[in-house]
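Undergrad: Here it is: the structure, laid out below.
The values are calculated or read from the model by the stated rules, or taken from the named source; none is laboratory data. What you see is a predicted model; the values in this text were computed from it and never measured. Cβ placement follows ideal geometry from the backbone for every residue including glycine, while neighbour counts extend to all protein chains displayed. Just so you know, the surface numbers come from the protein's heavy atoms only, side chains and all, with ligands and any DNA or RNA stripped out. Shrake-Rupley method; radii C 1.70, N 1.55, O 1.52, S 1.80 Å.
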Amino acid sequence: MSTLEIRDLHVDVETADGPKKILRGVDLTVKSGETHAIMGPNGSGKSTLAYSIAGHPKYAVTSGEVLLDGENVLEMSVDERARAGMFLAMQYPVEVPGVTVSNFLRTAKTAIDGKAPALRQWVSDVRGTMENLRMDPTFAERNVNEGFSGGEKKRHEILQMELLQPKFAVLDETDSGLDVDALRVVSEGVNRVKGNTDVGVLLITHYTRILRYITPDYVHVFVNGQVAEEGGPELAERLEAEGYDRFLSPA
């Protein structure tokens, strides 16, 4: 059993006009096996939370802690955070020219486990996982995300998650740009990982459609860099019906 604990997190982002405060004291705890949906309007700080946890250099943590089983991940380098069990599925996955998917995945697995996986079993695992995600096996020899469609990039993110088996996965708008079929396939992949491991999930989304496939245990509404309301799956249903107006309207 692992715990990811975010304590009073304050984060600034660098802009052309200087630092801009985005997160204004976020408190959130995720335990193994739990799924937490982070919802909120544009600009509320959802992606800032994701990138701050992952260690993006553009985001400066001005105060607070992010503890993974008591260890402050903010004091770790990006690769140390990954080896400790953190995983980020990006909203806009980047292309990596010259690095094939197969080499990227095996290198990542080796770095996390401290040893290279047995080749025959690894090839079988990769093929089986790609088949489950309905990915053409030829993608293994293509450069990472180069020429991939939006849906293919998102499937590749979940492929990584399935094979690397992190302790905690932050999924930043994984549903963005997906058609109905791709959304279902990606959601099934997340649910497979949850069914086979104790991964804790932070699922960041604007909309409830992905929550029809991945049922959250908790829902947190972000507004102006803070958690404005928390609840169970019923809170997502209320947001679907009412939107975010009640959080944004003047008192």
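Undergrad: Rounded to whole Å and ordered largest first, report the semi-axes of the equivalent ellipsoid of region 1-107 derived from its Cα gyration tensor (root of 5λ).
TA: 23, 20, 14
Undergrad: Among the lysines in the chain, how many pairs, 8 or more places apart or on different chains, have alpha carbons under 13 Å apart?
TA: Taking the Cα cut-off of 13 Å, the pair count is 5.
Undergrad: Net charge around Gly177, counting only other residues with Cβ within less than 14 Å of its Cβ (Lys, Arg = +1; Asp, Glu = -1)?
TA: So the environment of Gly177 carries a net charge of -3.
Undergrad: So what's the net charge close to Met1: Lys and Arg +1, Asp and Glu -1, counting the other residues with Cβ under 12 Å from its Cβ?
TA: That sum, taken over residues with Cβ under 12 Å, equals -1.
Undergrad: So what is the relative contact order for region 186-251, in percent, with contacts set as C-alpha pairs under 8 Å and at least six apart?
TA: Relative contact order, region 186-251: 24 percent.
Undergrad: While we're on this one: Can you pull a Stokes-Einstein diffusion coefficient for region 79-151 at 25 °C (0.890 mPa s), Rh from Kirkwood over Cα pairs, as a whole number of µm²/s?
TA: 183 µm²/s
Undergrad: Still on this model: Per DSSP helix of 4 or more residues, -39500 (n - 2.57); summed, then divided by the residues of the chain. What does that give at 222 nm, rounded to the nearest 500?
TA: Rounded to the nearest 500, it is -11000 deg cm²/dmol.
Undergrad: Spelling out what I want: for every residue of region 138-151, take phi, set θ = phi - 60°, compute 6.51 cos²θ - 1.76 cosθ + 1.60 (Karplus), and round to whole Hz; glycine and proline get x.
TA: Per residue, the Karplus-derived 3J(HN,Hα) values read 5, 4, 4, 9, 8, 5, 4, 6, 6, x, 6, 6, x, x Hz.
Undergrad: Quick check on packing: order 20-29, 233-242 by the mean number of other C-beta atoms within 10 Å, highest mean leading.
TA: The peptides rank, most packed first, as 20-29, 233-242.
Undergrad: For an R0 of 22 angstrom, estimate the FRET efficiency from the Cβ-Cβ distance between Lys31 and Ala60 and round to the nearest 0.05.
TA: Efficiency, from the Cβ-Cβ distance: 0.20.
Undergrad: Still on this structure, I have one more. Relative to the longest principal axis of the chain, what angle (0 to 90°, nearest 10) does the C-alpha long axis of helix 180-196 take?
TA: 80 degrees
Undergrad: Round to a whole number: what % of the accessible area of region 1-106 belongs to carbon and sulfur, probe 1.4 Å?
TA: On region 1-106, the fraction of accessible area on carbon and sulfur atoms equals 49 percent.
Undergrad: Give me the net charge for the shell around Asp125: Cβ to Cβ below 14 angstrom, other residues only, Lys and Arg +1, Asp and Glu -1.
TA: With Lys, Arg at +1 and Asp, Glu at -1, the net is +2.
Undergrad: Could you do me a favour and compute the accessible area per residue for region 70-159, 1.4 Å probe, result in Å²?
TA: Here the per-residue accessible area is 55 Å².
Undergrad: Could you sort the peptides 105-115, 202-212 by per-residue average Cβ neighbour count (10 Å cutoff), highest mean leading?
TA: 202-212, 105-115
Undergrad: Using mean Cβ contacts within 10 Å as the protection proxy, how do 217-229, 50-62 order, highest first?
TA: 217-229, 50-62
Undergrad: Given the options Gly43, Val185, Gly200, identify the residue whose Cα lies farthest towards the positive end of the charge dipole of the chain (+1 on Cβ of Lys, Arg; -1 on Cβ of Asp, Glu).
TA: Farthest towards the positive pole: Val185.
Undergrad: Testing the spin-label approximation: label points 7 Å from Cα along Cα→Cβ at Asp8 and Asn72. State their distance in nm.
TA: Calculated label separation equals 1.2 nm.
Undergrad: To the nearest µm²/s, what D does Stokes-Einstein give for the chain at 10 °C and 1.306 mPa s, using the Kirkwood radius over alpha carbon pairs as Rh?
TA: 85 µm²/s
Undergrad: Multiply the residue separation of Asp113 and Lys20 by 0.36 nm, subtract the distance between their alpha-carbon atoms, and state the gained length in nm to one decimal.
TA: Working it through step by step, the gained length comes to 29.7 nm.
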